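To start, the structure itself, in structure tokens.
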Amino acid sequence: MIKGEKIFLTELDPANAETIRAWLNDPEVYKYLMVGHTPISKEDERRYYESHTNQGDERNFEIHVADDGRYIGNIGIKGISLVHRRAEMGISIGSKQDWGKGYGSDAIVTMLRYAFDTLGLHTVKIRAHEDHARALEMYRRVGFVDVGRDREAVFQEGRFSDYVALDIVDREFRERYGR
Ligand SMILES: CC(C)(COP(=O)(O)OP(=O)(O)OC[C@H]1O[C@@H](n2cnc3c(N)ncnc32)[C@H](O)[C@@H]1OP(=O)(O)O)[C@@H](O)C(=O)NCCC(=O)NCCS
């Protein structure tokens, strides 16, 4: 278990497969996610749990509320390079009634602490759809800095949109949050 302030992170539990599948098939949740625009079957979900172990170049965790242990979403980093010491983060709070309570921000800070202090990474990147104000505002508030755009990289609802890229360097994280 990795402890934050409002949340804690645990390894993925296959017993929660149907919960996450329902979230990822919810249009409000997947609206700005890369996954979910094609319905996700039980078989897809089973394969996800088989392939997303915490052994390779990614680490994936469940997000739980500290107060009552409720499972509310997922967070992970992928493309971990131990040579360049970088990775890319992704987050999804599937439980919509828990949006706007600071759980996403705390999960990101907790995951960054793990990435920098435990894995020894140097930079972590995050990307969001250009229209996803809630995510972009939150990422900037946490300390991510805009670094560019993947132009017209995503096709949704009949049009191409940009993905905004942001990153944070370990020294910036430590200046703000300490060790
Ligand atoms: C995006 C997401 C991770 C945010 O998590 P969260 O727990 O709601 O975020 P927090 O409560 O920590 O912070 C939300 C902040 O976003 C900002 N925000 C909220 N709604 C906003 C809006 N409509 N426009 C602009 N900013 C907004 C506010 O600054 C808010 O903080 P504040 O209320 O303390 O001022 C969550 O909504 C989510 O998982 N959505 C579905 C999946 C998804 O889109 N994932 C991200 C893909 S890039």
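The values are calculated or read from the model by the stated rules, or taken from the named source; none is laboratory data. These numbers were taken from a predicted model, which means no experiment stands behind them. Note that we place each Cβ from the backbone using ideal geometry, even for glycine, and neighbour counts take in every protein chain shown. Remember, those area values only see protein heavy atoms, side chains included, never the ligands or the DNA or RNA. Shrake-Rupley method; radii C 1.70, N 1.55, O 1.52, S 1.80 Å.
Scan Arg127, Arg113 and give me the residue that is more than 8 Å from the ligand (Cβ to nearest atom), open to solvent by 60 Å² or more (accessible area, probe 1.4 Å) and out of contact with any Gly (no Cβ under 7 Å at 6 or more places or on another chain). Lay out the reasoning, then the answer.
Working: Arg127 fails: more than 8 Å from the ligand (Cβ to nearest atom).
Residue meeting the stated conditions: Arg113.
Under the condition of being assigned to a loop (DSSP other than H, G, I, E, B) and away from the ligand (no atom under 15 Å from the Cβ), which residue from segment 1-31 is surrounded by the fewest Cβ atoms within 10 Å (Cβ to Cβ)?
Once the filter is applied, the top-ranked residue is Met1.
Select from segment 130-166 the residues that are farther than 20 Å from Gly102 by Cα and in contact with a Ser or Thr (Cβ under 6 Å, 6 or more places away or on another chain) and write down the one among them that is modelled with the lowest pLDDT.
Applying the filter and picking the extreme gives Val154.
For Glu175, indicate whether it is assigned to a helix (DSSP H, G or I), away from the ligand (no atom under 16 Å from the Cβ) and of a type outside the set (Lys, Arg).
It is true that Glu175 is assigned to a helix (DSSP H, G or I), away from the ligand (no atom under 16 Å from the Cβ) and of a type outside the set (Lys, Arg).
Every residue in segment 32-47 that is away from the ligand (no atom under 16 Å from the Cβ) and surrounded by 16 or more Cβ atoms within 10 Å (Cβ to Cβ), please. Please lay out each step first, then the result.
If we filter segment 32-47 for residues that are away from the ligand (no atom under 16 Å from the Cβ), which is where we start, we get 38-39, 41-47.
The one that is away from the ligand (no atom under 16 Å from the Cβ) and surrounded by 16 or more Cβ atoms within 10 Å (Cβ to Cβ): Glu45.
Checking the structure you have, find out if any residue of segment 102-109 is open to solvent by less than 10 Å² (accessible area, probe 1.4 Å), within 18 Å of Glu172 (Cα to Cα) and assigned to a helix (DSSP H, G or I).
There is at least one residue in segment 102-109 that is open to solvent by less than 10 Å² (accessible area, probe 1.4 Å), within 18 Å of Glu172 (Cα to Cα) and assigned to a helix (DSSP H, G or I).
Search segment 130-156 for residues being of a type in the set (Lys, Arg) and away from the ligand (no atom under 11 Å from the Cβ), and hand back the single one that is least open to solvent (accessible area, probe 1.4 Å).
Arg149
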